[in-house]
Amino acid sequence: MCLAIPTKIIERQELMATVEIGGVTRRISLMLLPEARVGDFVLTHAGFAIQAVDGEEAEKTLALWRELAEDDR
Amino acid sequence: MTGRTTDESRRLAKRLAEEISRLAVRPIRLMEVCGSHTVAIFKAGLRQLLPAQVELVSGPGCPVCVTPNEYLDTAVAYSRQPGVIIATFGDMLRVPGSSSSLAAAKMAGADIRIIYSPLESLDIAAANPTKTVIFLAVGFETTAPTAAATILAAEQAGLANWFALSAHKLVPPALRALLEAGGTRIDGLILPGHVSAVIGEAPYRFLAEEYRMPAVIAGFEPLEILQAVHSLARWLRLGEPRLANQYRRVVKPEGNPVARAVLGRVYGEADAAWRGLGVIPASGLVVRKEYQRFDARRKIPVEPEAAREPDGCRCGEVLRGMISPEACLLFRQACRPENPVGSCMVSAEGACAAWYKYGSGRWQG
Ligand code: SF4
């Protein structure tokens, strides 16, 4: 029930935004994440953006895994 | 996560599992608190991948599962009142109350609408001015701010026929109650990622500080869960209880301050009843005085039937990690997903349902 999915903001009017997820668009509220901007990836839950997704941190996770995979060779 | 092939994932997973096996020199029991983690663990077959001495047990992190019958009975009673429309997330529909579920009430003619966002319930209220719309506000800290924001939006829209029936719950007080009660023999906790996206890290500090319980805020990818298990195994080996945030791409140390402020504006903390855990101090949310005109319980009289828990259902013990679903005599017999006896079999995130569906699942990368 707490599942939230990363979506990309493609349009914004005041506190509503259009987000894209796997080619489908959806309208969500930015009431809980008012600083979000077009182009941002945001975590969406029950029709609200609840947190920003940090691309740099996502990269770090990937890098860590790559490192682990390299070690294994 | 992209950028990895299935082979790479498999290799990584195997490697992590080997490391975990090396680190776990004695049996360890770890609880995944969140129902979404339970599902991810089963889907990926992580239980089969982990060494025998590492046991993963499911916890109380399934909002539908911990909602007591009294709440469902109240919702069903409302749904039978003339002129009432119930707006609810789909998960609540099939949960058995004392004698009826919402799904059964709907079959019998009640107007029950499934919504994806709480905001949709406002549209329903606006489109049906002669009706009373009651939104079933259930969920943890991930969902509660969306309900709070919806109450603010209802106020702004000047809706007089929209109400919330609130049963929101807070995760950290439940963890404290679980550890206080003892008997669960848990050595470490995998903490819910999306609850944490809202509340941040601080509310979990007491785990290590007061209970010497190591804990990791984890993402939902199989590798992230294995990484969490790996860290927990390591700290247990070292005897160093720590709190770590391994889901930094969405969990900021401070959480989401706007969401927390909206939540705090609309709701205050109160004692709340949890299925299986009883009444836990300050573990629930009640609508504050300023917004009481939207509080269904205060504004719309209702007489639910006397709540009764289903005979033989051990959901309460499952939610505390005391037993696995297979220990319940009804599991797979009288209790199945298509005919659930208890709430742990209804929700896709319930431990009984996951156990039933994926019990023999294998690692799929
Ligand atoms: S299997 Fe069914 S009856 Fe048994 S504990 Fe789980 S939900 Fe309850």
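The values are calculated or read from the model by the stated rules, or taken from the named source; none is laboratory data. All values reported here derive from a predicted model rather than from experimental measurement. Cβ placement follows ideal geometry from the backbone for every residue including glycine, while neighbour counts extend to all protein chains displayed. These accessible areas exclude ligands, DNA and RNA; they are computed on the full protein's heavy atoms, side chains included. Shrake-Rupley method; radii C 1.70, N 1.55, O 1.52, S 1.80 Å.
For A:L64 and A:V38, FRET efficiency with R0 = 30 Å and r from the beta-carbon atoms, rounded to 0.05? The partial results should precede the final answer.
Details: r = 30 Å, r/R0 = 1.00.
Computed FRET efficiency for A:V38 and A:L64: 0.50.
Ratio of segment B:71-128's C-alpha Rg to 2.2 N^0.38 Å, to two decimals? The partial results should precede the final answer.
Numbers: Rg = 10.9 Å, N = 58, 2.2 N^0.38 = 10.3 Å.
That ratio works out to 1.06.
Distance from the Cα centre of segment B:130-166 to that of segment B:304-365, in angstrom?
About 30 Å separates the Cα centre of segment B:130-166 from the one of segment B:304-365.
Once you place label points 7 Å from the Cα toward the Cβ at B:Q333 and B:R22, how far apart are they in nm?
Going from the B:Q333 label point to the B:R22 one covers 4.6 nm.
Over the Cα atoms of segment A:5-72, how large are the radius of gyration and the largest Cα-Cα distance (Dmax), in Å?
Gyration radius and largest Cα-Cα distance of segment A:5-72: 14.5, 49 Å.
Each residue of segment B:119-135 in turn: what ³J(HN,Hα) in whole Hz from Karplus with 6.51, -1.76, 1.60 and θ = phi - 60°, glycine and Pro shown as x?
Coupling constants for segment B:119-135: 4, 4, 5, 5, 4, 4, 5, 5, 7, 10, x, 8, 9, 10, 9, 10, 8 Hz.
Tell me the total accessible area that B and A bury against each other, 1.4 angstrom probe, in square angstrom rounded to 100.
On the way: alone 15930 and 5650 Å², together 18110 Å².
So the total buried area for this chain pair works out to about 3500 Å².
Whose amide H sits under 5 Å from the amide H of B:A87, counting only residues 5 or more places off or on another chain, with H placed in the peptide plane?
Under 5 Å from the amide H of B:A87: B:R113, B:I134, B:F135, B:L136.
So, for the protein assembly as shown, what is the accessible surface per residue at a probe of 1.4 Å, expressed in square angstrom?
I get 41 Å² per residue for this part.
Rounded, prolate or oblate for segment B:214-254? Axes are the square roots of the Cα gyration tensor eigenvalues, ordered a ≥ b ≥ c, and the cut-off for rounded is a/c under 1.5.
Values: a/c = 3.92, a/b = 1.41, b/c = 2.78.
Oblate shape, in that a/c is at least 1.5 and b/c is the bigger or equal ratio.
Hey, how many Å between the Cα centroid of segment B:207-283 and the Cα centroid of segment B:45-97?
If you average the Cα positions of each part, the centres end up 20 Å apart.
Compute the Kirkwood hydrodynamic radius of the protein assembly as shown, taking the inverse of the mean of 1/r over all pairs of distinct Cα atoms, and give it in Å to one decimal.
Numbers: mean 1/r = 0.0448 Å⁻¹.
Taking the inverse mean of 1/r over all distinct Cα pairs, the protein assembly as shown comes out at 22.3 Å.
Could you work out [θ]222 nm for the protein assembly as shown from helices alone, using -39500 (n - 2.57) per DSSP H run of at least four and dividing by all its residues? Round to the nearest 500 deg cm²/dmol. Kindly include the intermediate steps, with their values, before the conclusion.
Numbers: 17 runs with 161 residues, N = 438.
Value at 222 nm, helices only: -10500 deg cm²/dmol.
Measure off, as a whole percent, the carbon and sulfur share of the 1.4 Å-probe accessible area of the protein assembly as shown, all protein chains present.
Numbers: 9220 of 18110 Å².
That fraction is 51 percent.
Taking only the alpha-carbon atoms of chain B, what semi-axes of the equivalent ellipsoid follow from 5 times the gyration tensor eigenvalues under a square root, in whole Å, largest first?
Details: eigenvalues 262, 104, 69 Å².
The three semi-axes for chain B are 36, 23, 19 Å.
Students often forget the sequence filter, so: which lysines lie under 20 Å Cα-Cα from B:K299 once same-chain residues fewer than 8 apart are removed?
B:K131, B:K289
Whenever you get a sec, line up B:E309, B:E141 from highest to lowest accessible area (probe 1.4 Å, protein heavy atoms). If you can, show how the numbers build up before the last one.
On the way: B:E309 90, B:E141 5 Å².
Descending accessible area places them as B:E309, B:E141.
With an 8 Å Cα cut-off and a minimum separation of 6 or more residues, compute the relative contact order for segment A:5-72 in percent.
Rounded, it is 26 percent for segment A:5-72.
Which shape class applies to segment B:69-199: rounded if a/c is under 1.5, otherwise prolate when a/b exceeds b/c and oblate if not, where a ≥ b ≥ c are the square roots of the Cα gyration tensor eigenvalues? Kindly include the intermediate steps, with their values, before the conclusion.
Numbers: a/c = 2.86, a/b = 1.57, b/c = 1.83.
Oblate, because a/c is 1.5 or more while a/b does not exceed b/c.
What fraction of the DSSP beta bridges in chain B is antiparallel, stated in percent and rounded to the nearest 5?
Working: 9 of 41 bridges.
Here the share of antiparallel DSSP bridges comes out near 20 percent.
Of A:L30, A:L15, A:L43, which is the most mobile in a GNM of chain A whose springs link Cα atoms less than 10 angstrom apart?
The residue that fluctuates most here is A:L15.
So how exposed is B:Y247, as accessible area in Å² (1.4 Å probe, rounded to 10)?
Looks like 10 Å² after rounding.
Of A:A58, A:A49, A:A36, which has the largest mean-square fluctuation in a 10 Å C-alpha GNM of chain A?
Per the Cα network of chain A with a 10 Å cutoff, A:A58 tops the list.
Give the shape of segment B:217-365 as rounded, prolate or oblate, defined through the alpha-carbon gyration tensor: a ≥ b ≥ c are the square roots of its eigenvalues, a/c under 1.5 means rounded, and otherwise the shape is prolate if a/b is larger than b/c and oblate if not. Can you show the working numbers first?
Values: a/c = 2.15, a/b = 1.11, b/c = 1.94.
Oblate.
Roughly how many nanometres apart are two label points built 7 Å out from the Cα toward the Cβ at B:R185 and B:R10?
3.5 nm
Could you pull out every one of the lysines with an alpha carbon less than 28 Å from that of A:K60, ignoring same-chain neighbours closer than 8 positions?
Reachable lysines: A:K8, B:K14, B:K43, B:K252.
Check each of the chymotrypsin sites (Phe, Trp or Tyr not before Pro) in segment B:75-181 and keep only those in coil by DSSP with at most 12 other C-beta atoms within 10 angstrom; list them in order. Write down the numbers at each step before the final one.
Numbers: sites: B:Y78, B:F89, B:Y116, B:F135, B:F140, B:W162, B:F163; in loops: B:F89, B:Y116, B:F140.
Counting only loop positions with at most 12 other Cβ atoms within 10 Å, the chymotrypsin sites (Phe, Trp or Tyr not before Pro) in segment B:75-181 are B:Y116.
In a Gaussian network model over chain B where Cα atoms closer than 10 Å are linked, find which of B:Q81, B:Q48, B:Q156 has the largest mean-square fluctuation.
Result for chain B, Cα springs under 10 Å: B:Q156 fluctuates most.
Relative contact order for chain B using alpha-carbon pairs under 8 Å, separation at least 6, rounded to a whole percent?
On the way: 715 pairs, mean separation 91.8, N = 365.
Result for chain B is 25 percent.
So which cysteines of chain B have no other cysteine's Cβ under 4.7 Å from theirs?
Cysteines lacking a close Cβ partner in chain B: B:C34, B:C313, B:C328, B:C335.
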